[in-house]
Amino acid sequence: MSPEIQFRPYSREHAPILASYALDEVYCAHEGWAYPSDPDRMLAWAERLADAPSDDLVRVMAFVGDDPVGYVDFQGDDAQEKELGYAIAPSSLWGRGLGTAAARAALKHGFTSLRLERIWAEAVEANSASVRVLEKSGMRFLRRGDDARFLGVPSHYRQYEITREQWMAQQSSPDALGA
Ligand SMILES: CC(C)(COP(=O)(O)OP(=O)(O)OC[C@H]1O[C@@H](n2cnc3c(N)ncnc32)[C@H](O)[C@@H]1OP(=O)(O)O)[C@@H](O)C(=O)NCCC(=O)NCCS
């Protein structure tokens, strides 16, 4: 059964959780974060994100019950269209269906709570888990994006999108999502 993800608006109380991701070497390598990093600097960064949120970024923390499992964000200055980003952390949680569940919950949040009309996302092709998350979320391949490296491997972005109309059609016909 798919894990049930719930979102809570990112706030100062979540800053230590976000900062702790910087202690996870595997996570840092996949995100392209420097490792090791200064924990105090990371905490200050995570607190700033809560204290002075950018108008262009909506971040929510993902929970299963009371356990934090990562975050999802919506980025961009267009009120109707946003870029979806997501991360599951710590990396010991990967491979349990949380990324797929978080992306699906994020689309629901984007189209219902945020009233978006279109959501897009991109993943580096060599990041197979992330590509798979986007494909399983119901988003459609749009185009090849810029060249990028992932874990030292030369690759490129794959961009995906979904409109509110397409998402609503999938809700009335869940089989269309596949497994
Ligand atoms: C990408 C990420 C969100 C995936 O989270 P997750 O909880 O492991 O995702 P899931 O368990 O739902 O797995 C999704 C799919 O990827 C596959 N997968 C998981 N790890 C994999 C790996 N290392 N290599 C290839 N496929 C992998 C799973 O088998 C699953 O496919 P399946 O259902 O066909 O079996 C997580 O690895 C992460 O947060 N990475 C760091 C941040 C990041 O890359 N964010 C995306 C930026 S676009």
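The values are calculated or read from the model by the stated rules, or taken from the named source; none is laboratory data. Predicted model, so just to flag it, every value in this text is computed and none were measured. Cβ atoms come from the backbone with ideal geometry, glycine included; neighbour counts cover every protein chain shown. When the accessible area is computed, the model is the full protein with side chains, heavy atoms only, and any ligands, DNA or RNA have been set aside. Shrake-Rupley method; radii C 1.70, N 1.55, O 1.52, S 1.80 Å.
Rg(Cα) of segment 1-58 divided by 2.2 N^0.38 Å?
Cα Rg divided by the expected 2.2 N^0.38 Å: 1.27.
Work out, in µm²/s and without decimals, the Stokes-Einstein translational diffusion coefficient of the chain at 20 °C, 1.002 mPa s, Rh from Kirkwood over C-alpha pairs.
In µm²/s, the coefficient rounds to 127.
Plugging the Kirkwood radius over Cα pairs into Stokes-Einstein for segment 27-87, at a temperature of 10 °C and a viscosity of 1.306 mPa s, what D comes out in µm²/s?
119
Note down the net charge around R118, summing +1 for each Lys or Arg and -1 for each Asp or Glu among other residues with Cβ under 12 Å from its Cβ.
Overall, the nearby charge balance is -2.
Percent of accessible area on the chain owned by carbon and sulfur, 1.4 Å probe? Present the calculation step by step, with values, prior to reporting the outcome.
Numbers: 4860 of 9890 Å².
Of all accessible area on the chain, carbon and sulfur atoms account for 49 percent.
Accessible area per residue, 1.4 Å probe, Å², for segment 6-177: what's the number?
Computed with neighbouring chains in place, this is 54 Å² per residue.
If I ignore ligands, DNA and RNA and count only protein heavy atoms, how much of H156 is accessible to a 1.4 Å probe, in Å² to the nearest 10?
30
List the trypsin sites (Lys or Arg not before Pro) within segment 71-179 that fall in a DSSP loop (any state other than H, G, I, E or B) and whose Cβ has at most 12 other Cβ atoms within 10 Å.
Values: sites: K82, R96, R104, K108, R115, R118, R132, K136, R140, R143, R144, R149, R158, R164; in loops: R96, R115.
For trypsin sites (Lys or Arg not before Pro) across segment 71-179 that sit outside H, G, I, E and B with at most 12 neighbouring Cβ atoms in 10 Å, the list reads R115.
Rounded to the nearest 500, what is the chain's calculated 222 nm mean residue ellipticity when only DSSP H runs of at least 4 contribute -39500 (n - 2.57) each, over all residues?
After summing the helix terms and dividing by residue count, I get -9000 deg cm²/dmol.
When the solvent-accessible surface of protein heavy atoms is calculated with a 1.4 angstrom probe, in what order do M61, M1 fall, highest first?
Of M61, M1, the descending order of accessible area is M1, M61.
Once each part is reduced to its C-alpha centroid, what is the distance from segment 76-131 to segment 133-179 in angstrom?
After rounding, the separation between the Cα centres reads 9 Å.
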